[in-house]
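The values are calculated or read from the model by the stated rules, or taken from the named source; none is laboratory data. Not measured: the values here are computed from a predicted model. Methodologically, a virtual Cβ is constructed for each residue, glycine included, from the backbone with ideal geometry; neighbour enumeration extends over all protein chains shown. Keep in mind that these areas ignore ligands, DNA and RNA; they rest on the heavy atoms of the full protein, side chains included. Shrake-Rupley method; radii C 1.70, N 1.55, O 1.52, S 1.80 Å.
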Amino acid sequence: MHRNQLRDRWQSYLDHHRFSARDSLKRLLSTPLQSLMTWLVIAVALALPATLFTSLDNLKVIGQRWDGAPQITLFLNQRARPQAVEALQQKLRLRQDVAALEYVSPEQALRQFEMESGMGSALSGLDNNPLPPTLLLTPAAGISAADLGLLGEQLAQLKIVDEVLFDRAWIERLQGILTLGERIALVVGALLALGVVLVIGNTIRLAIENRRDEITIIKLVGGSDAFVRRPFLYTGLWYGLGGGLLALVMVLVLLFSLSGAVASLASSYQSDYSLQGLGFSGSLLLVLTGTLVGWLGAWLAVGRHLGAIEP
Amino acid sequence: MRYAGGYEALSRVSFEVGAGEMVFLTGHSGAGKSTLLKLIMLMERATQGQVLVNGQNLNRLPASQIPLLRRRIGVVFQNHQLLFDRSVYDNVALPLVIEGYHPREAARRVRAALDKVGLLTKEKQNPIVLSGGEQQRVGIARAVVNKPRLLLADEPTGNLDPALSSEIMTLFRQFNDVGVSVMIASHDIDLIRRLKRRVLGLSKGELVHDGELQGAANTENA
């Protein structure tokens, strides 16, 4: 008997959740235009940071796919014997983190310099060639920044190597820009999330005001705070969920409308690059964030305004 | 129940109502009748003195326990306090939904309560289409649906004609007959006289009378 009663209570607790969820959704749908406005406001506020993050993701992909992976230039000792240079080349070719290696002899370098600098005659007047033998090293694709640094250090320690030059400033710059972009997106996202919380909070406040009598009566006949709160929390949840879904649609439409232009731009660079979407986890995250923020807004409004209604 | 000392609206009010007793609370408006009922419901807290319900000191009752207290007390309001966005049935079922009754058990109790007040045929209607007397009876059904041992009523016959008032009082007497303690705030002296029950008279926040009213009319038809 006691166990049955307990089960009944649990069942009816679930029933009230179901009822609150359904009833609050029905109430939202009974004023479609008003609800749609709220949903749109939330959707725009969520779609903006989502678009920012998606753009950043795309930039990251572009950075990763860059064909000219950072090249390392090794200036060798001018007095290095050809055999030693040959041995170094063989050793380096065996390394897994080295994709390609090109040897530029001092003579080749001088010829190239003469041609490109236009100082041919001036240079030919030199007694001896001031240019060192050079190795142009391309690291393996997808090498991490840390591994790249390590490779550079190891190379610099070789006696035969005078100087190691990294051609990766642009990568660092890109990464710096991306990090900055992510920070900005986070701040914008946080501000807009706060905006959503306030919008939903205000909407819930009005809903509470509209149902003041009902709240009073429920409290009079012994309704607990949780019981009174429940329908409003569900209202916030529905606002957030609807806003999140609408935001997802907005981002997808935006990406779709851009994808053609991006593809033709990429093909002009002989790239098969195409715009990356939100993906499943990104979409889920967007909708969940909306739902959570909606619920939070409702929670804050309920906490602030429900306590003020006492019979 | 005992009251001692009181709220600014009530002072030096001290009395006790035994289990199964039926008492009336009289006095002019502003005498403190409603305040007294509110103290029992914890709609107000006593600033001085104590209120005990079923041996429990309400002064020490934490806010989280207030809903549980109210579930054990049935209350009938002068202005009915019904919800017009739902049916008579749903209005009466509200305390049971709050307490978490199984729908089947709740349905049984709601129908029993509605039957008791003679509104079984109107369960699907919206209370807004009912007459004042019928609305009051819906309120009474809601107050008794979870079988409270204490029933409070604040001017339950305030807006009703004498015949309807008398009907409502008969209902309260019937609940009292089955052991429910009943406390009714009313200024309908004629009706109270006829019922010959203990009367607590309040005036300007003080208890000025405790006992049956003298010179009662000896008819108790209802």
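Out of curiosity, is B:Thr35 more than 14 Å from chain A (Cβ to nearest Cβ) and open to solvent by 20 Å² or more (accessible area, probe 1.4 Å)? Let's see the steps before the verdict.
On the way: more than 14 Å from chain A (Cβ to nearest Cβ): no; open to solvent by 20 Å² or more (accessible area, probe 1.4 Å): yes.
Considered against the rule, which asks whether it is more than 14 Å from chain A (Cβ to nearest Cβ) and open to solvent by 20 Å² or more (accessible area, probe 1.4 Å), B:Thr35 comes out as no.
Can you tell me which residue is modelled with the lowest pLDDT among those in the stretch A:115-162 that are closer than 18 Å to A:Glu102 by Cβ, open to solvent by 70 Å² or more (accessible area, probe 1.4 Å) and in a helix (DSSP H, G or I)?
This residue is A:Glu116.
Which count do you get for residues in the stretch B:113-137 that are touching a residue at least 24 places away in the same chain (Cβ under 8 Å) and either under 18 Å from B:Phe172 (Cα atoms) or open to solvent by less than 40 Å² (accessible area, probe 1.4 Å) (or both)?
From the stretch B:113-137, those touching a residue at least 24 places away in the same chain (Cβ under 8 Å) are B:113-114, B:116-117, B:119, B:122-128, B:130, B:132-133, B:135-137; that's our starting set.
Now drop any that are not either under 18 Å from B:Phe172 (Cα atoms) or open to solvent by less than 40 Å² (accessible area, probe 1.4 Å) (or both), which leaves B:113-114, B:116-117, B:119, B:123, B:127, B:130, B:132-133, B:135-137.
Selection size over the stretch B:113-137: 13.
Could you please let me know if B:Arg104 is without any contact (Cβ under 8 Å) to a residue 24 or more places away in the chain, away from every other protein chain (no Cβ under 12 Å), over 19 Å from B:Leu191 (Cβ atoms) and not in a loop (DSSP other than H, G, I, E, B)? Quick ask: steps written out before the conclusion?
Values: without any contact (Cβ under 8 Å) to a residue 24 or more places away in the chain: yes; away from every other protein chain (no Cβ under 12 Å): no; over 19 Å from B:Leu191 (Cβ atoms): yes; not in a loop (DSSP other than H, G, I, E, B): yes.
Taking the combined requirement at face value, the residue does not satisfy it.
Consider the stretch B:49-80. How many of its residues are within 13 Å of the chain's Cα centre (by Cα), among the hydrophobic types (A, V, I, L, M, F, W, C) and either facing another protein chain (nearest Cβ under 10 Å) or part of a helix (DSSP H, G or I) (or both)?
The qualifying residues number 3.
Any idea which of A:Leu245, A:Leu252, A:Leu258 is open to solvent by 50 Å² or more (accessible area, probe 1.4 Å), more than 12 Å from every other protein chain (Cβ to nearest Cβ) and at pLDDT below 90?
On the way: A:Leu245 fails: at pLDDT below 90; A:Leu252 fails: at pLDDT below 90.
Just a single option satisfies the conditions, and that option is A:Leu258.
Find the residue count for the stretch A:203-227, including only residues that are more than 9 Å from every other protein chain (Cβ to nearest Cβ) and under 14 Å from B:Glu99 (Cβ atoms).
1
Restricted to the stretch B:81-92, and to residues that are facing chain A (nearest Cβ under 10 Å) and not hydrophobic (A, V, I, L, M, F, W, C), which residue is most open to solvent (accessible area, probe 1.4 Å)? Talk me through it step by step, then tell me what you get.
First, pick out the residues of the stretch B:81-92 that are facing chain A (nearest Cβ under 10 Å): B:81-86, B:91.
Imposing the further condition that a residue be not hydrophobic (A, V, I, L, M, F, W, C) reduces the set to B:81, B:85-86, B:91.
Details: B:Gln81: 47, B:Asp85: 87, B:Arg86: 49, B:Asn91: 2 Å².
Across the stretch B:81-92, the extreme among qualifying residues is B:Asp85.
Taking the conditions exactly as written (more than 14 Å from chain A (Cβ to nearest Cβ), assigned to a loop (DSSP other than H, G, I, E, B) and touching a Leu at 6+ places or on another chain (Cβ under 6 Å)), does B:Ala46 satisfy them or not? Full working, then the answer.
Details: more than 14 Å from chain A (Cβ to nearest Cβ): yes; assigned to a loop (DSSP other than H, G, I, E, B): yes; touching a Leu at 6+ places or on another chain (Cβ under 6 Å): yes.
Yes; evaluated as a whole, the condition is true for this residue.
Specify which of the listed residues (A:Leu275, A:Leu288) is in a helix (DSSP H, G or I) and more than 14 Å from every other protein chain (Cβ to nearest Cβ). Talk me through it step by step, then tell me what you get.
Numbers: A:Leu275 fails: in a helix (DSSP H, G or I).
Matching residue, one of A:Leu275, A:Leu288: A:Leu288.
Filter the stretch A:278-305 down to the residues that are crowded, with 18+ Cβ neighbours inside 10 Å and under 18 Å from A:Asn210 (Cβ atoms) and list them by number.
A:Gly297, A:Ala298, A:Ala301, A:Val302, A:His305
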